[in-house]
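To keep things clear, I will list the structure first and then write my remarks on it.
Only the coordinates and a few stated rules stand behind these numbers; no lab work does. Quick caveat: nothing in here was measured; it's all calculated off a predicted structure. Ideal geometry is used to build each Cβ from the backbone, glycine not excepted, and the neighbour counts take in all protein chains shown.
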Amino acid sequence: MFGRGESGGLCVLPHEVPAPEMDWAPDAKLASAVLAGGCFWCTEAVFKRLDGVIDVKPGYAGGTAETADYQTVCSGRTGHAEAIRVDYDPTRISYGRLLQVFFSVAHDPTQLDRQGNDVGPQYRSAIFWASEEEKEVAAAYIRQLDEAQVFESRIVTRLEPLQAFYEAEDYHHDYADRNPMQPYIAFISMPKVKKLQQSFSDWLKGGG
């Protein structure tokens with residue numbers, strides 16, 4: 001991701017993205033959600049700050065194990081998307097709340113196979129559902145946002161069945177926090193974190 005260009009902003013302010021009318025909290029002590037919204041450095045930096053999120057891992061979803069490595073995925077020909085696996089406590093944060101953050105501040109869901117100058121299907125907006133409940137809630141939320149014309153353009157987020165999630169190489173983990181002065185992190189990732197802090201301050205670990 002070195003040398004990436006500007007990712008561009010969202011079409012609306014975060015507070016204009018309403019909560020999902022349909023929500024779901026799994027009956028479990030720990031659940032996982034796999035989301036793809038462009039560079040996984042950015043999405044990891046956002047979601048790891050949410051109260052109720054236990055862990056966030058960057059990785060690849062949508063392709064096979066044989067080509068699930070950074071250099072090959074960057075070719076755009078493997079079927080993978082850069083994604084994160086969010087492990088969360090459903091008694092503290094719901095699946096719907098994760099999706100609200102996903103659509104509000106983590107990325108622009110109206111850009112097809114890209115986020116700003118990060119171009120290619122590996123940067124697509126996608127929700128990898130692992131249960132019918134996840135699929136139903138995600139589909140309903142996309143309809144809700146489109147019908148309310150929350151964004152200037154229609155949402156292009158894909159709903160894809162989760163076949164497998166492959167963790168990224170070690171150097172990608174916690175990349176934003178370990179490299180705050182790296183230009184891409186400073187100008188693309190951290191503004192998303194600031195949007196999160198401004199719009200969802202009461203949802204953050206340690207009150208922000």
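So what are the radius of gyration and Dmax for the Cα set of segment 123-167, in Å?
For segment 123-167, the Cα radius of gyration and maximum Cα-Cα distance read 11.8, 36 Å.
Once the Cα gyration tensor of segment 18-134 is found, what semi-axes does its equivalent ellipsoid get, as square roots of 5 times the eigenvalues, in whole Å, sorted largest first?
Values: eigenvalues 117, 47, 30 Å².
Semi-axis lengths for segment 18-134 are 24, 15, 12 Å.
Of the options Ser189, Gly38, Gln144, report the single residue whose Cα projects farthest towards the positive end of the charge dipole of the chain (beta-carbon charges: Lys, Arg +1; Asp, Glu -1).
The Cα lying farthest towards the positive end belongs to Ser189.
With a sphere of radius 15 Å drawn around the Cβ of Asp87, what net charge do the other residues whose Cβ falls strictly inside it have (Lys, Arg +1; Asp, Glu -1)? Before the final figure, lay out the partial values.
On the way: positive: Lys29, Lys48, Arg49, Lys57, Arg85, Arg92, Arg97, Lys205; negative: Glu44, Asp51, Asp55, Asp89, Glu134, Glu167, Asp174.
Neighbour charge sum, excluding Asp87 itself: +1.
Using every Cα-Cα pair within the chain, state what percent have a distance larger than 23 Å. Could you put the intermediate results ahead of the total?
Details: 8292 of 21528 pairs.
So the pairs more than 23 Å apart make up 39 percent of the total in the chain.
Run the reach check for Lys205 against lysines, Cα to Cα strictly under 22 Å, same-chain hits fewer than 8 apart removed. What comes back?
Lys205 reaches Lys29, Lys48, Lys57, Lys192, Lys194, Lys195.
Going by how many other Cβ atoms sit within 10 Å of their own, how do Val86, Val17 line up, fewest first?
Taking fewest neighbouring Cβ atoms as first place, the list is Val17, Val86.
Under the 0.36 nm per residue contour assumption, what length would be gained going from the current alpha-carbon distance of Lys205 and Val119 to full extension?
Once the chain is fully extended between Lys205 and Val119, it gains 27.7 nm.
Suppose we look only past 15 Å in the calculated P(r) of segment 75-136. What percent of the Cα-Cα pairs does that tail hold?
Numbers: 1089 of 1891 pairs.
Considering segment 75-136, 58 percent of its Cα-Cα pairs are separated by more than 15 Å.
Taking θ as phi - 60°, what are the ³J(HN,Hα) couplings along segment 149-157 by the Karplus curve (6.51, -1.76, 1.60), each to the nearest whole Hz, with x for Gly and Pro?
6, 5, 9, 5, 10, 5, 5, 10, 4
Can you tell which of Trp24, Ile84, Val101 lies farthest toward the positive end of the dipole of segment 16-115, using +1 and -1 charges on the Cβ of basic and acidic side chains (Lys, Arg; Asp, Glu)?
Ile84
What list do you get for Thr78, Thr91 if you sort them by fewest beta carbons within 10 Å? Intermediate values should be presented prior to the final figure.
Details: Thr78 19, Thr91 12.
The order, fewest Cβ neighbours first, is Thr91, Thr78.
For the residues Glu66, Glu16, what sequence is obtained by ranking on other C-beta atoms within 10 Å, fewest first? Numbers along the way, then the final one.
Values: Glu66 8, Glu16 13.
In increasing order of surrounding Cβ atoms, one gets Glu66, Glu16.
Treat every Asp and Glu Cβ in the chain as -1 and every Lys and Arg Cβ as +1, leave all other atoms uncharged, and give the resulting dipole magnitude about the Cα centre to the nearest 20 debye.
440 debye
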